[in-house]
Structure formats: structure tokens, C-alpha cells
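Visitor: Take a look at the following structure, please.
The values are calculated or read from the model by the stated rules, or taken from the named source; none is laboratory data. The structure presented is a predicted model; accordingly, all values stated were derived computationally and were not measured. Cβ sites come from the backbone with ideal geometry, for glycine too, and all protein chains shown count toward neighbours.
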Amino acid sequence: MRAAFLITAKDLRQRVRDRSAVLVAVVAPLALAFALGATVSGFSAGSRAFTIGLVDLDHGPAASTLQDALAKAGSSVVMKDVATPAEGRRLVKDGELDGAIVLPQGLSIASMGGPPVRIDVIGDPKNPIGALVGRSIAGAFATSMRTIQIASKALGAGPAETIKIVGRVSSSSPPISISDTSTTRKNLDPKTYYAAAMAVFFLFFAVQFGISSLLHERADGTLARMLAAPISRRSILAGKAMTSLALGFVSMTMLALITRYALGAHWGNPLGVAVLIVCAVLAATAVTALVTTLAKTYEQANAWLSIVSVVLGMLGGSFFPVAQSGGVLALLSKATPHAWFLNGLQDLSSGGALSVVVEPAIVLLAITVVCGAVALVRIRRLIEP
Amino acid sequence: MRESVLHCEGLRKRFGDIQAVNGVSFEIASGESYGLLGPNGAGKTTAISIVAGLLEADAGEAFVAGERLTTRSVAAKAAIGFVPQDLAIYPDLSAHENLCFFARLYGLSAKQAHARTEEVLEVVGLSERANDQAKTYSGGMKRRLNIGIGLLHEPRLLILDEPTVGVDPQSRNAILESVEQLGEKGMAVLYTTHYMEEAERLCDRVGIIDHGELKAEGTREELVALLGEHDKVHLTGTGSLEAAANACVRIGAVDAASTGDGSIELLVKGASAALPEILTTASEAGVSVHSVEVEEPNLEAVFLHLTGRALRD
């Protein structure tokens, strides 16, 4: 083991010196986690308020109903009064508004059984989400107006009575509320999701510096020199495997700590996270070792490992939750260490007990055993001059 | 009588259809320099890889300092210092770090490794650049570091596989001087080369290897004596050199012939008497002879005599 530790220490010194490991294991995943997390957070309705202009050409009770309803919607939508449709168009074009709704003259009368009118929504093609929000509000408002109209007709109410009904509807609480319980409990917030997803994605690149460097050393002749030394071949292999494991653990641990304290990611129970990290690093090292044994040269190994890392990362949900699309992709996703790591973390982060990591940990260890065993059988040919 | 440090008996190694080493046997005593002389592809590197414990022989056995040598024998390997043909150093580590790493790998403690590193840096003349990364060194400096690593643990047997290939004349001379000093210190040296001058200068005994077989071995004098009355005749000229060489070899006094860059090498018994016939034959074969030189036999002539081809072929 002494020789193995010497080889690991030498490898780590080389990796730190050429900065490649720091870049791949920490800087790149951190930058991508931050960028992807921030981008996806930006699209989240809970974290960004949309400013919608309201052009009230009706000046009747219908507009105040809409304003009251939006006021109850919370901070996600801010209404701003706009004098004319032309001004609304200008403000949307200039980006001051995400969209604008034009309530036409005669809207209130229409809701009381008058001639039908049309609500216009002004949007900017460059801001499709803002236009979508405006359309959703206008659609919901039209539906509620239609409901009031039906109720008035059913009750045989005249215009004065209908205005009272509108007032009562706008001030009352809705009889049914919808809460997306499964989503809020199960899904990680974007910052945490991408912190974990990028950590496990780049883990597969970080661990390559250990095992695959056997091929590099063979090409450079330094492996022959080690083989001529009075040490066992197993200690050379152990040294390389320990380099992979050390880089993997350091990378994952640093990313967990940095994203926790600098980006506000919520990884969950530290012990559970530690178990998942250990199992993921072992699995990544085993998969890397297996792919390395299939290659003949260092360059070939690097190319194959990059392809395998990207494909596994994409299937495993490092960039988007592929499993949610169902079918074959969901099935393939389950074959990746990435998916099991992220699933374990999701369960853990949503308040699950420590026991929720048992299943993903067992699967990750099974991947380690299967890939590691095949790699061990094949790796003998790499430890030759 | 000097103690035997390396003893090889009937070493064989085959790669597919190629018999790379075929029944090679030799012995090296302490303080002795032994050269394996042969052209590229003769089997030198394979033989040396078996003796360094890198390759397992298909048959035969080797003992280093009394320990049986296999790819797994730790005790035998501890007695060997190995300097591979290609540079085997870490370019992004300094000379000091390279040496310390391999010293520790050979079982030296941290303190011993540091002390030996300083000594070896002095021997190979790299003390002043000890802390610079090896990638910043000149080719000669890298070669010296490559050799220094083999000396770290003061091995009883130092194996050098063509250490001067691709080295400038100045560094080459420095390397040869270092190897000469090692023999004087009692270290057994196994040196492979395809440069006849190096073998003649450095080695107490030389083994001539070709097509994986050890054709002959002995001191320079013993090997040259194998030639008997032969002389080496060196012709330079223009024209059909290959045809002239083939024609000359049919002359009774000519034992072997080979062509080089604008020249023909002939191994001739009684050169002065045979020279007119040689020149006539060469001329009839279409060669315009520019110069003729009759040289005292050397190891190259021995190689030509034993294998029928030149060392550079």
C-alpha cells in the first residue's frame, strides 16, 4: 500500500500542478451549476414577477374585478395601468411591460348579456413567456366573465343585480384551490438540482485522471519504469484507483459545500448526502475503469470516456429530467448512476428520512461491483510495458 | 573470481510469429560492463525487458544477485536499476520530484530518498536546475535525468537500453563517461547499443545479437580473433553498389559484403592480394570507385562476418 499511496500522491501533485483537475472537478461544474440554476430560476414564476399592462377602455365594473383578482394572485404578476393600446404596444416593445391586456369598451355590458366584445393581448415575440402570462390572465378573466353571464341568466338577474353578483364573486374566496403537492415536495429547487446534476456530471470527467492515466504512463514509458521497480502490479493499480477516488471525493465534497454556502443549494441530510457521494464516486470510478480497459491508447480512452460521460449525463438527467418523458428514455435513465444519485438526493432534500438513500446507494454499489469486476478482469493488459 | 550479478540461461520470447529472443544465455560479474550489440530489431530490447523483470520469458531463466527473476520478483528487482531507451520521466515534475518519487518507490525512506536525490543530481549535473520542471530541460538534460533515476538506489546491476539514441555528441560523451565510472565503482552494467564505437569503448565483454540469437560473445580481442586473417575493405563510389556487392561476395577471398550510403563494406581474407580482383569486379558491375580503404577489423566487421550484414542494416 505504501507504493500505492506514493503513486496517488504523485498523480495528485501532477493534476494540481497542471490545473486540469481543478478546472474539471470544481470550476466548470460550479460555473455551469450557477448558470443553469440562475437561468431556470429566471423562468420560475415563483421567483420572477411579470409586469402586465391593463388598458381599461371599458371603465366599468369588469375591469375592477380583474384588478382585484390579480391583486390576490400575489407578487408573481404586477398590474400597471396604461392609458391607450398604442402606449401599451410601445411599453411592451421597449421591454417595460411583459405584456398588456386591452379591456374593450362595452365589456361590462357584454358580461351582462350585451353584444360580445374581444379582449386583446399585446405581446412581444422576443418575450414569449410574458405574452403567455398575459394570455393566461385574459383567458381566465374571460372564463370568469362567462361564468357570471351564465349565472345571471340562470337567476334571471337584470344589469343592477348582475353588478352585485360580480362584486360578490370578486370579493369571495374561490371554492376550490389547487396545490401541486407532489411537485413542491419531490422536485429539487433549480439551484440544488443543477448543483447536484453538474457535480455528478463532471464527476465522471474528474475520476478519469486516475485510471486512464495508466495508458498515458504506458505511452510515456514511466509505467515500464514503475513495473521495473520492486513493487507489485496491484499497488500500481491501487494507486491509480485511489487517485480517481480522491479526485472524485474532493470534487463532490467541494461542490456540495460551495453550492450550499455560496449558492444556497439545499442538499439535505449531510450523512445521507455523504453516503450518496461515496457510492456515486465508486460507481463513476468503476465505469471509468471499464471504459478505459476497452481502449488501446490514452487518446482513445479519453474520447470514449467523454462520449460515455456525456451520454450517461444526458440520460441520467444532468441537463434536464429525461426520466419524466417516460418510455424508453425513462428506462435508460434508470441504468445511469446519475439518475440514481439525483433521485436519492431529491428524496433526501424533500425531507425524506436517511433510509431513502438506501435504494439508490445499493443500485450505485451494484453498478460499482458489476463494472469494477469486468474492469478488473480486463485491466491486467493495461499494466504491461 | 568476481561474483556473478546476472546469470541468464536459454531465454526465449515469442510475439506471434516472431521469435524475438531465441535461447539467449550470458552472465555478468560485479564491476563488469557487458554490451549487447546488434542492429535495430535484433532482440536487444526484448532481452533486456526480460532481464529487467518487465516481460516474462516463455522459456529459460534469469537470476539477479542470486534471486530468481520474474515479473513479480521484488527482491531481484530491488537489485536492478533500469534506464529505458525512451525518456521515462514526468515532464511536469522537477528533477528533484522525479528522483524522489522513484527513490521512494525503490523502498528508500523519505530522508534517504532526499539524500540520494541530492547525490544523483550532482552526478548527472542537474543540481542547478533541480527544481525546474523537466519539460523545460534540453534533450541532453532529460537523458541525464533518465539515467539518474536508474542510479538512485545504488543497484548491483544497471541496465541501460540504448541510452545515447538521439543525443547530441556532447551529452553522449558525458553519458559514456558516467557509465565508465559506474563500472569502476563495482556496479555491473548491461548496455545495449547498435553503435559499435560505444560497445568497444564501454564494454569489457560484448555479446553480438541478431534475429534474437546470441551469435558470439567475448572481449573485443576475442571477437576480432574470430575473423582470423580477415580485413575490412571499405569502397566508396557511384553506380550499382548492390550489384557490385553481390558480385564481390562471389570472389573466394571475400567472406561477406554489405552496402551503405554510397559505400560497400567487404570482409576479405588477405585483402592486399584480393584487392585488384575486387576493384575489377566492382568496375564490371557498373561501379565507379572513388576510394578504397583497408581497415583493421573491429566489432562491426565481426558482426558482418557472423551475420552477413552490417550493423546499420
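Visitor: Tell me, please, whether a residue that is in a helix (DSSP H, G or I) and touching a Ser or Thr at 6+ places or on another chain (Cβ under 7 Å) can be found in the stretch A:223-237. Can you show your working first?
Guide: The initial filter retains those residues of the stretch A:223-237 that are in a helix (DSSP H, G or I), namely A:223-228, A:233-237.
This time we only want the ones that are touching a Ser or Thr at 6+ places or on another chain (Cβ under 7 Å), so: none.
Taking every residue of the stretch A:223-237 in turn, none turns out to be in a helix (DSSP H, G or I) and touching a Ser or Thr at 6+ places or on another chain (Cβ under 7 Å).
Visitor: Identify all residues within the stretch A:30-63 that are among the hydroxyl-bearing types (Ser, Thr, Tyr) and at pLDDT 75 or above; write none if there are none.
Guide: Selection gives A:Thr51 alone.
Visitor: Okay, next question. Considering only residues of the stretch A:319-335 that are at pLDDT below 75 and in contact with a helix residue (DSSP H, G or I) (Cβ under 6 Å, 6 or more places away or on another chain), which is farthest from A:Tyr194 (Cα to Cα)?
Guide: Among those residues, the one meeting the criterion is A:Ala323.
Visitor: Looking only at the stretch B:106-135, how many residues end up being over 29 Å from the mean Cα position of the chain (by Cα), part of a helix (DSSP H, G or I) and of a type in the set (D, E, K, R)?
Guide: Summing the residues that are over 29 Å from the mean Cα position of the chain (by Cα), part of a helix (DSSP H, G or I) and of a type in the set (D, E, K, R) in the stretch B:106-135 gives 3.
Each row is one residue, and each column tells you yes or no for (1) of a type in the set (A, V, I, L, M); (2) farther than 20 Å from A:Gly344 by Cβ.
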| residue | (1), (2) |
| --- | --- |
| A:Leu227 | yes, yes |
| A:Val250 | yes, yes |
| A:Met254 | yes, no |
| A:Thr259 | no, no |
| A:Gly264 | no, yes |
| A:Leu271 | yes, no |
| A:Leu282 | yes, no |
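Visitor: For the stretch A:248-303, give me the residue count where each residue is surrounded by fewer than 21 Cβ atoms within 10 Å (Cβ to Cβ), within 20 Å of the chain's Cα centre (by Cα), outside any helix (DSSP H, G or I) and of a type in the set (A, V, I, L, M, F, W, C).
Guide: Looking only at that region, the number is 1.
Visitor: Can you name every residue in the stretch A:306-345 that is of a type in the set (Phe, Trp, Tyr) and assigned to a loop (DSSP other than H, G, I, E, B)?
Guide: Hits for the stretch A:306-345 are A:Phe319, A:Phe320.
Visitor: If you don't mind, another one. Among A:Leu255, A:Leu263, A:Leu227, which is the only one that is at the interface with chain B (Cβ under 10 Å from one of its Cβ atoms), touching a helix residue (DSSP H, G or I) at 6+ places or on another chain (Cβ under 9 Å) and not β-branched (Val, Ile, Thr)?
Guide: Values: A:Leu255 fails: at the interface with chain B (Cβ under 10 Å from one of its Cβ atoms); A:Leu263 fails: at the interface with chain B (Cβ under 10 Å from one of its Cβ atoms).
Going through A:Leu255, A:Leu263, A:Leu227 in turn, the sole match is A:Leu227.
Visitor: When you go through (1) away from chain B (no Cβ under 14 Å); (2) at pLDDT 90 or above one by one for A:Ser173, which number turns out not to apply?
Guide: Just one mismatch for A:Ser173, condition (2).
Visitor: Considering (1) within 30 Å of B:Leu158 (Cβ to Cβ); (2) in contact (Cβ under 8 Å) with a residue 40 or more places away in the chain; (3) hydroxyl-bearing (Ser, Thr, Tyr); (4) exposed (fewer than 15 other Cβ atoms within 10 Å of the Cβ), say which one B:Thr219 fails and leave the rest.
Guide: (2)
Visitor: For the stretch B:279-305, name all the residues that are under 10 Å from B:Leu267 (Cβ atoms) and either of a type in the set (A, V, I, L, M) or surrounded by fewer than 18 Cβ atoms within 10 Å (Cβ to Cβ) (or both).
Guide: B:Ala301, B:Val302, B:Leu304
Visitor: List the strands (runs of 3 or more DSSP E) that sit entirely inside the stretch B:21-105 and contain at least 2 residues that are touching a strand residue (DSSP E or B) at 6+ places or on another chain (Cβ under 8 Å) and within 14 Å of another protein chain (Cβ to nearest Cβ).
Guide: Fully inside the stretch B:21-105 and qualifying: B:59-64, B:80-83.
Visitor: Residue by residue through the stretch B:202-248, note down the ones that are within 30 Å of B:Leu176 (Cα to Cα) and assigned to a helix (DSSP H, G or I).
Guide: Once the filter is applied, which keeps residues that are within 30 Å of B:Leu176 (Cα to Cα) and assigned to a helix (DSSP H, G or I), the stretch B:202-248 yields B:Leu202, B:Arg220, B:Glu221, B:Glu222, B:Leu223, B:Val224, B:Ala225.
Visitor: Just to verify a result, which residue in the stretch A:368-385, among those that are assigned to a loop (DSSP other than H, G, I, E, B) and not charged (D, E, K, R), is modelled with the lowest pLDDT?
Guide: Restricting to residues being assigned to a loop (DSSP other than H, G, I, E, B) and not charged (D, E, K, R), the top hit is A:Pro385.
Visitor: Step by step: first the residues of the stretch A:1-33, then only those that are β-branched (Val, Ile, Thr) and away from every other protein chain (no Cβ under 13 Å), then the one that is surrounded by the most Cβ atoms within 10 Å (Cβ to Cβ). Which residue is that?
Guide: A:Val24
Visitor: Being touching a residue at least 40 places away in the same chain (Cβ under 8 Å) and in contact with a strand residue (DSSP E or B) (Cβ under 8 Å, 6 or more places away or on another chain) is the filter; apply it to the stretch B:106-145 and report the residue that is farthest from A:Met226 (Cα to Cα).
Guide: B:Gln133
Visitor: Which one of these does B:Ala42 not meet: (1) surrounded by fewer than 24 Cβ atoms within 10 Å (Cβ to Cβ); (2) at pLDDT below 90?
Guide: Checking B:Ala42 against (1) surrounded by fewer than 24 Cβ atoms within 10 Å (Cβ to Cβ); (2) at pLDDT below 90, the one that fails is (1).
Visitor: Do you know which of the residues in the stretch A:206-239 that are farther than 22 Å from A:Ser20 by Cα and of a type in the set (Ser, Thr, Tyr) is modelled with the highest pLDDT?
Guide: Applying the filter and picking the extreme gives A:Ser235.
Visitor: With respect to the numbered conditions (1) modelled with pLDDT of 75 or more; (2) touching a Pro at 6+ places or on another chain (Cβ under 8 Å); (3) not assigned by TED's automatic domain parsing to the domain that holds A:Ser333, which one is the sole condition not fulfilled by A:Asp98?
Guide: Result: A:Asp98 fails condition (2) only.
Visitor: Within the stretch B:169-185, is even one residue assigned to a strand (DSSP E or B), modelled with pLDDT of 80 or more and of a type outside the set (Gly, Ala, Ser)?
Guide: Within the stretch B:169-185 (the criterion being assigned to a strand (DSSP E or B), modelled with pLDDT of 80 or more and of a type outside the set (Gly, Ala, Ser)), the answer is no, since none of the residues qualifies.
Visitor: Has the stretch A:128-145 got at least one residue that is in a loop (DSSP other than H, G, I, E, B) and in contact with a Leu (Cβ under 8 Å, 6 or more places away or on another chain)?
Guide: No, the stretch A:128-145 contains no residue that is in a loop (DSSP other than H, G, I, E, B) and in contact with a Leu (Cβ under 8 Å, 6 or more places away or on another chain).
Visitor: Another one. Exactly one condition in (1) assigned to a helix (DSSP H, G or I); (2) under 31 Å from the mean Cα position of the chain (by Cα); (3) at pLDDT 70 or above is false for A:Thr184; which is it?
Guide: Result: A:Thr184 passes all but (3).
Visitor: Report yes if A:Leu365 is surrounded by fewer than 22 Cβ atoms within 10 Å (Cβ to Cβ), among the aliphatic types (A, V, I, L, M), modelled with pLDDT of 90 or more and in contact with a helix residue (DSSP H, G or I) (Cβ under 7 Å, 6 or more places away or on another chain), otherwise no.
Guide: yes
Visitor: Now, a different point. Could you check how many residues of the stretch A:285-339 are among the aromatic types (Phe, Trp, Tyr) and touching a residue at least 60 places away in the same chain (Cβ under 8 Å)? Spell out the reasoning first.
Guide: Residues of the stretch A:285-339 that are among the aromatic types (Phe, Trp, Tyr), as a first pass: A:298, A:304, A:319-320.
When the remaining residues are screened for being touching a residue at least 60 places away in the same chain (Cβ under 8 Å), the result is A:298, A:319.
Residues in the stretch A:285-339 being among the aromatic types (Phe, Trp, Tyr) and touching a residue at least 60 places away in the same chain (Cβ under 8 Å): 2 in total.
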